[in-house]
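Q: Mind looking over this structure? Questions follow.
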Amino acid sequence: MVAKASNDSAVIERIKEAGLLGIELDASMFTLACANMIFRGDGKANMFWDDCLSPREIETERRIAELKPNVALLNPPFSKKVKGKHELAFVKRALDLLQPNGTGIVIVPISALIDDGPTTVLAKKEILDQHTLRAVMSMPPQLFPGIGTVTATAVFEAHKPHHRAVNKPGEPERLIPRTETWFGYWRDDGFALKKNKRVERRPGLWAETKSRWLDAFFNQRVVPGQSCKVPVSQFDEWIAEAYLEPDYSQLTQADYEVDVKRYMLFNLMLEAQAGLDGGDDNC
């Protein structure tokens, strides 16, 4: 943000005093965050030691509203089993605190976007009732080395309901998506895992990949095997893999033969297992 201020001291001061805010419940993490900001000269004026889902301090929400935040970057706690602390509960809270038409960008486990259980479906509905799901990108599987959590990044537009009501004479009201959601398959970013660290497979590969990805995202390009646009609701999976069309242009005869052999072997294994479990002796 400072780099984009073009050395304008007034803008830089505004960024430090009112352009950044955060809420942290853990006292130790709050202290470390404030100290880190002080050392870096970024200011700590708008760090709140509070519970973002259920603020203890009456002033917290009022002060946040006064700052009129229009962008939220969120990496919520993963796999919170406590009632009311689903990953998407944090997402909804952040979006609710944004100004109308604000942008929320969150990274969450894939399970939070594809689970069809009642808790997740309800959490997704509560978000879509007030906000629009603009895009979802499937992230590299080794983005968090040693953690093992596969993630996706979702982009929302705040305070614009995802659905609109359709009324036809003699029929019950239906809700349909106002727009299609863009899905990107961003699994391969050009990095490989070596000694628990992510390193580029060759110099410059990440820069090339990032440029291609951002061009596709901002221009909403639909590319077979890489991206697509689909209308979705709370009942659908919010992940590219569920909707991508195969890119047959990349398929070689050798690849095809290998996949057919794997499929045949898989069926043979199923038949053999059925025989062991008491199925047809001729299998």
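The values are calculated or read from the model by the stated rules, or taken from the named source; none is laboratory data. Bear in mind that the values here come from a model prediction, so they are computed numbers and not experimental data. Using ideal geometry, Cβ is built from the backbone for each residue, glycine included, and neighbour counts are taken over all protein chains shown.
Q: Could you please let me know if Ile15 is in a helix (DSSP H, G or I), over 27 Å from His159 (Cβ atoms) and β-branched (Val, Ile, Thr)?
A: no
Q: Can you name the residue in the range 183-211 that is assigned to a helix (DSSP H, G or I) and within 19 Å of the chain's Cα centre (by Cα) and is also surrounded by the most Cβ atoms within 10 Å (Cβ to Cβ) among such residues? Step through it out loud before you land on a result.
A: Of the range 183-211, the ones assigned to a helix (DSSP H, G or I) are 205-211.
Among the residues that remain, those that are also within 19 Å of the chain's Cα centre (by Cα) are: 209-210.
Working: Thr209: 16, Lys210: 13.
In this case the residue turns out to be Thr209.
Q: Mind counting the residues in the range 134-158 that are of a type outside the set (Val, Ile, Thr) and either at pLDDT 95 or above or not in a loop (DSSP other than H, G, I, E, B) (or both)? I'd like the intermediate steps shown before the answer.
A: Going through the range 134-158, the residues of a type outside the set (Val, Ile, Thr) turn out to be 134-135, 137-146, 148, 152, 154, 156-158.
If we keep only those that are either at pLDDT 95 or above or not in a loop (DSSP other than H, G, I, E, B) (or both) as well, we get 134-135, 137-138, 152, 154, 156-158.
Looking only at that region, the number is 9.
To keep it simple, each residue is scored yes or no on (1) surrounded by fewer than 15 Cβ atoms within 10 Å (Cβ to Cβ); (2) assigned by TED's automatic domain parsing to the domain that holds Pro141; (3) under 24 Å from Ala154 (Cβ atoms); (4) not aliphatic (A, V, I, L, M).
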position	(1), (2), (3), (4)
Gly19	no, no, yes, yes
Asn36	yes, no, no, yes
Cys52	no, no, yes, yes
Arg56	yes, no, no, yes
Phe78	no, yes, yes, yes
Lys92	no, yes, yes, yes
Leu97	no, yes, yes, no
Gly102	no, yes, yes, yes
Gly117	yes, yes, yes, yes
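Q: Moving on to the next point. Could you list, in sequence order, all residues of the range 229-253 that are modelled with pLDDT of 80 or more, assigned to a helix (DSSP H, G or I) and of a type in the set (Gly, Ala, Ser)?
A: Result: Ala240, Ala242.
Q: Would you confirm whether or not the range 166-179 contains a residue that is outside any loop (DSSP other than H, G, I, E, B), in contact with a helix residue (DSSP H, G or I) (Cβ under 6 Å, 6 or more places away or on another chain) and surrounded by 10 or more Cβ atoms within 10 Å (Cβ to Cβ)?
A: no
Here is a yes/no grid of residues against (1) assigned by TED's automatic domain parsing to the domain that holds Ser138; (2) at pLDDT 90 or above:
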position: Pro177; (1), (2): yes, no
position: Trp182; (1), (2): yes, yes
position: Arg198; (1), (2): yes, no
position: Lys210; (1), (2): yes, yes
position: Ala216; (1), (2): yes, yes
position: Asp259; (1), (2): no, no
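Residue-wise test of (1) within 28 Å of the chain's Cα centre (by Cα); (2) modelled with pLDDT of 90 or more; (3) not β-branched (Val, Ile, Thr).
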site	(1), (2), (3)
Asp8	no, yes, yes
Glu13	no, no, yes
Met37	yes, no, yes
Phe78	yes, no, yes
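Q: So which helices (runs of 4 or more DSSP H) are wholly in the range 24-101 and hold at least 2 residues that are more than 20 Å from Leu128 (Cβ to Cβ), touching a Ser or Thr at 6+ places or on another chain (Cβ under 7 Å) and among the β-branched types (Val, Ile, Thr)?
A: none
Q: Next question. Select from the range 16-36 the residues that are in contact (Cβ under 8 Å) with a residue 12 or more places away in the chain and over 21 Å from Arg93 (Cβ atoms) and list them in ascending order. So that I can check it myself, show each step before the final result.
A: Filtering the range 16-36 down to residues in contact (Cβ under 8 Å) with a residue 12 or more places away in the chain leaves 16-25, 27, 30, 33-34.
Residues satisfying the conditions are Lys16, Glu17, Cys34.
Q: I'd like to verify a number: residues in the range 134-149 that are closer than 12 Å to Lys197 by Cβ and of a type in the set (Gly, Ala, Ser), how many?
A: 1
Q: Another question, then. Can you tell me how many residues within the range 152-176 are touching a residue at least 12 places away in the same chain (Cβ under 8 Å) and not β-branched (Val, Ile, Thr)?
A: The number of residues fulfilling the criteria is 12.
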